Amino acid sequence: MKNNFRMILFCSTLLMAENNFESWQKQETQSFQTFQSNEDKAFIEHLKEWEWYIEGISPKIYSKPKPQTQPIIKPFLVQTKPSVIKRVKPLVQDVPTIPKLLYSMGSQHIEVDFFGQKLSFAYPQNMSGSLLSLSTQTISKFWQNVTQQNYHILVDRIKLYQKEYHLNGWATYLLVSKISQHITQEPHAQTALKWFLLIKIGIDAKVGISQEQLVLMVHSSNLIYATRYFTLNHKHYFVLDGSVSTTKLQIYKRGNSNLLALNFMEQPRLKQSIKERIIKFTFQNRFYNIPFYYNQNLVNFYKTYPQIPYNYYTRMNLSTQSKESLDQVLKPIVEQMSQLDAINFLLRLTQNGFRYKRDHAQFGKEKVMFFEETLAYEYSDCEDRAIFFTYLVKKLLHLNIIFIKYPNHLATAIELNTTIKGESLIYKNKRYYIADPTYSGSNIGRAMPKLQGQNIKIIEP
């Protein structure tokens, strides 16, 4: 009798739990399906107004080909007995620990490899959507369908990684691309989902339609070289994914005015994969082996960057490992030198510590490198060395330095507190002396003869 009673009580409890869960699930489903913020509803209205726009193409970085071989004043000497340089142990800083993802009913789960780090996400089962046909109506319908899902569980998780890992706009763009590829394999739906997520995160993105092609564009307030763009409301929207087979797109003309342009600054916090590079060169008949350390995952991230203005490359903070290499290894050396000797020492390090090769020969395209990339790759060319050298001068010598842009070359010039013999120019009422990190064997004040008389442009790093 007692056992029968327990069985009846157990079954009743189980039935009540099932009924409560079904009731909760039904309530949640109805809530998600009927939820649309005023912003989403207003945006759907914007998607009813489309116009045709003609593309623009941003200029190339150089108007003429760069030198095929490295210019040299005289062969540099290599001694068999190197100077003894103190070795330092590279610092390793792990990325922050993110709270474990809480799984919810009715959601799918994915794990994304983001430059060595596994990131986990949840998203509604019906979020992938479908775009088998393209029209302004199907795009609007896609947006409407996704906003009826509980997309916040995915967007909030992306924002969490953004904050904790210091993901800049470009890093966020790459992460959203990876997430979209995991959620759906349908090309049009992938593009539309990326567009949706970027907007929900706060990045100003648009899509355009032409000839059964859905094109994603992202607003950047700065120029992205050699890249197609479309101009709406005096803003450039750059096509960063793949190729566009048309010069004309149908694009919705209005949107959320609170969205931000894509930004490229702030170095993300990526998982550490420490590598070493030994820079070998001779200065004043003395041979040096200088150890540098860098994070390979950061180099892999930088490899994805589009072509952006030079000052972005010099304003990005150095990685912890590279900064330690400067402070612990190079700084004690240059502190024992005069200002001119220190400059020429850093020139020789940059001129002769790396092998020269043009970008098209190494990458098949123009590729400007960050400081850590120059350390990682065997070859570099003029702008890579100019950026690398600028970091050294600013961080170690604390001198003012500018870029000198020729039609087919990039050099630098340094403001000195003394007068020396050599080639110089006046910029903002101050005298700057030419310092060319590519012209092997040259000291400050020496420019390549074949560049004399050419038009130049001055760029502040």
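Given (1) surrounded by fewer than 20 Cβ atoms within 10 Å (Cβ to Cβ); (2) in a helix (DSSP H, G or I); (3) hydrophobic (A, V, I, L, M, F, W, C), where does A226 come up short, assuming only one miss?
(2)
Kindly provide the set of residues from the range 53-70 that are touching a strand residue (DSSP E or B) at 6+ places or on another chain (Cβ under 9 Å) and either assigned by TED's automatic domain parsing to the domain that holds T246 or modelled with pLDDT of 80 or more (or both), ordered by number.
Y53, I54, E55, G56, I57, S58, T69, Q70 - these are the residues of the range 53-70 that are touching a strand residue (DSSP E or B) at 6+ places or on another chain (Cβ under 9 Å) and either assigned by TED's automatic domain parsing to the domain that holds T246 or modelled with pLDDT of 80 or more (or both).
For residues that are over 26 Å from A171 (Cα atoms) and among the hydroxyl-bearing types (S, T, Y), scanning just the range 273-305, find the one that is surrounded by the fewest Cβ atoms within 10 Å (Cβ to Cβ).
So in the range 273-305, the residues over 26 Å from A171 (Cα atoms) come out as 278-291.
Now narrow it down to the ones that are among the hydroxyl-bearing types (S, T, Y): 282, 288.
Working: T282: 17, Y288: 22.
Only one residue fits best here, namely T282.
For the range 377-398, state whether one or more residues are aromatic (F, W, Y), assigned to a helix (DSSP H, G or I), in the same structural domain as P449 (by TED's automatic domain parsing) and farther than 24 Å from P65 by Cα.
Residues of the range 377-398 aromatic (F, W, Y): 377, 379, 388-389, 391.
Narrowing further to those that are assigned to a helix (DSSP H, G or I): 388-389, 391.
From the residues that got through so far, the ones that are in the same structural domain as P449 (by TED's automatic domain parsing) too are 388-389, 391.
The next check asks that each one be farther than 24 Å from P65 by Cα; those that pass are 391.
Among the residues of the range 377-398, at least one is aromatic (F, W, Y), assigned to a helix (DSSP H, G or I), in the same structural domain as P449 (by TED's automatic domain parsing) and farther than 24 Å from P65 by Cα, which makes the answer yes.
Does L167 satisfy the condition of being modelled with pLDDT of 95 or more, part of a loop (DSSP other than H, G, I, E, B) and surrounded by 20 or more Cβ atoms within 10 Å (Cβ to Cβ)? Even if it seems obvious, please write down each step before you answer.
Values: modelled with pLDDT of 95 or more: yes; part of a loop (DSSP other than H, G, I, E, B): yes; surrounded by 20 or more Cβ atoms within 10 Å (Cβ to Cβ): yes.
Yes; evaluated as a whole, the condition is true for this residue.
Would you say K450 is assigned to a helix (DSSP H, G or I) and over 23 Å from R277 (Cβ atoms)?
Spelling it out, K450 is indeed assigned to a helix (DSSP H, G or I) and over 23 Å from R277 (Cβ atoms).
Pick from K394, K365: which is closer than 27 Å to T304 by Cα and modelled with pLDDT under 95? Show your work before the answer.
Working: K394 fails: modelled with pLDDT under 95.
From the options K394, K365, the qualifying one is K365.
Restricting attention to the range 361-376, which residues are assigned to a loop (DSSP other than H, G, I, E, B) and surrounded by fewer than 24 Cβ atoms within 10 Å (Cβ to Cβ)? So that I can check it myself, show each step before the final result.
Going through the range 361-376, the residues assigned to a loop (DSSP other than H, G, I, E, B) turn out to be 363-370.
Scanning the range 361-376 gives F363, G364, K365, E366, K367, V368.
For the structure I just gave you, tell me whether N258 is in a loop (DSSP other than H, G, I, E, B) and within 19 Å of Y312 (Cβ to Cβ).
Details: in a loop (DSSP other than H, G, I, E, B): yes; within 19 Å of Y312 (Cβ to Cβ): no.
Taking the combined requirement at face value, the residue does not satisfy it.
Does at least one position in the range 250-264 carry a residue that is in contact (Cβ under 8 Å) with a residue 24 or more places away in the chain and within 30 Å of I343 (Cβ to Cβ)? Show your work before the answer.
Taking the range 250-264 as the starting set, the residues that turn out to be in contact (Cβ under 8 Å) with a residue 24 or more places away in the chain are 250-256, 258-264.
Adding the requirement that they be within 30 Å of I343 (Cβ to Cβ) leaves 264.
The answer is yes; a qualifying residue exists.
The values are calculated or read from the model by the stated rules, or taken from the named source; none is laboratory data. All values derive from a computational prediction rather than experimental measurement. Please note: Cβ atoms are built from the backbone with ideal geometry, for glycine as well, and neighbour counts cover all protein chains shown.
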